[in-house]
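Chemist: I'd like to ask some things about the structure below.
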Amino acid sequence: RVCPVRGAAGTGPGRARPDMDLFGDLRRMNKRQLYYQVLNFAMIVSSALMIWKGLIVITGSESPIVVVLSGSMEPAFHRGDLLFLTNFHDDPIRAGEIVVFKVEGRDIPIVHRVIKVHEKGNGNIKFLTKGDNNEVDDRGLYKEGQNWLEKKDVVGRARGFLPYVGMVTIIMNDYPKFKVCI
Amino acid sequence: RKNVEDFTGPRERSDLGFVTFDITADILNGKNVLQSIFDWNVKQLFLYLSAEYSTKNNALNQVVLWDKIMLRGDNPRLSLKDMKSKYFFFDDGNGLKGNRNITLTLSWNVVPNAGILPLVTGSGHVSVPFPDTYETTKSY
């Protein structure tokens, strides 16, 4: 009769199994943790997207937060300032208001002030804009042959603002390598 | 007031108005006469004089005739006499001739250091009528 020797330097399967079990547990736990972290991250991204979409609905503007890109509204707004917009359908456009608009065919929105308004009885409005810091009105910026802006060109009206906060976007645009780092 | 080609915009003849005005204003907080509107969160005021009127063509017209930026620290009292309009007062059409009721109002946009951008209209306003005929040769 042979008794199996315990504690000796045996390399039989009896000896290796407890170790492998422990390691297997660890590996499995890590995978679960990994999936959990991925889900957590996805939830954060989804929530952020939901908040953004919610803002679009509440303000009525396709772009409720914009960054000022040029100095044409100085000294009120400088490059890098953040603007909060609303675009309620029933809000009339009046002289003196600061509007953000897009010229037909161009992607970049422009932030300027309304200096002329002509509104017909049926609600049809045409208006002219000018940057505070510019000498001339914006007719040079509009499309070829276009002399007035209409409600459909408006992205929103500036209601509030925060200075400097938008600088991050500008830095990421000017130095794309920085964006990759982030 | 003349009828000239609007050389700044559409290539049709439109009425061009000439207005001279005086502005006397104290930009103060509505509640307390002594307290200025320039508190710690006001960076500047963008003041503008606008003319509002209606014509056959358009139910509502607003044209900014003059504007000024008043920074914090500037004298909040305005006393301007005999000012000419800074921008051309073109109508969209010929609605200035014989228009009896052009209302001039002074308004301002409060620009804070951070926060909400309100538009405030001053409490006084003036009604100006335009004559029934065009001027021909008066120099501006």
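Chemist: Please determine whether any residue of segment A:87-97 is polar (S, T, N, Q), in a loop (DSSP other than H, G, I, E, B) and more than 9 Å from chain B (Cβ to nearest Cβ).
Modeler: Within segment A:87-97, the subset polar (S, T, N, Q) is A:87.
Within this subset, residues satisfying the condition of being in a loop (DSSP other than H, G, I, E, B) are A:87.
Cutting the leftovers down to more than 9 Å from chain B (Cβ to nearest Cβ) gives us A:87.
Yes - at least one qualifying residue is present in segment A:87-97.
Chemist: Here is a further query. Failed condition for A:Phe88, given (1) buried (at least 16 other Cβ atoms within 10 Å of the Cβ); (2) aromatic (Phe, Trp, Tyr); (3) under 20 Å from B:Leu119 (Cβ atoms), with all others met?
Modeler: Here A:Phe88 meets the rest and fails (1).
Chemist: Is it fair to say A:Val67 is more than 14 Å from every other protein chain (Cβ to nearest Cβ), more than 28 Å from B:Phe90 (Cβ to Cβ) and touching a residue at least 12 places away in the same chain (Cβ under 8 Å)?
Modeler: So A:Val67 passes the test.
Chemist: Pairs, please: C-beta under 6 Å, at least 6 apart or cross-chain, first residue at the interface with chain A (Cβ under 10 Å from one of its Cβ atoms) and in segment B:61-72, second of a type in the set (Lys, Arg)?
Modeler: Close Cβ pairs satisfying both conditions: B:Val63/A:Lys116.
Chemist: Kindly list the number of the only condition in (1) closer than 30 Å to A:Asp137 by Cβ; (2) without any contact (Cβ under 8 Å) to a residue 60 or more places away in the chain; (3) not acidic (Asp, Glu) that fails for A:Ser61.
Modeler: Unmet condition: (2).
Coordinate-derived values only; no laboratory data. What you see is a predicted model; the values in this text were computed from it and never measured. Note that each Cβ is placed from the backbone with ideal geometry, even for glycine, and that neighbours are counted across all protein chains shown.
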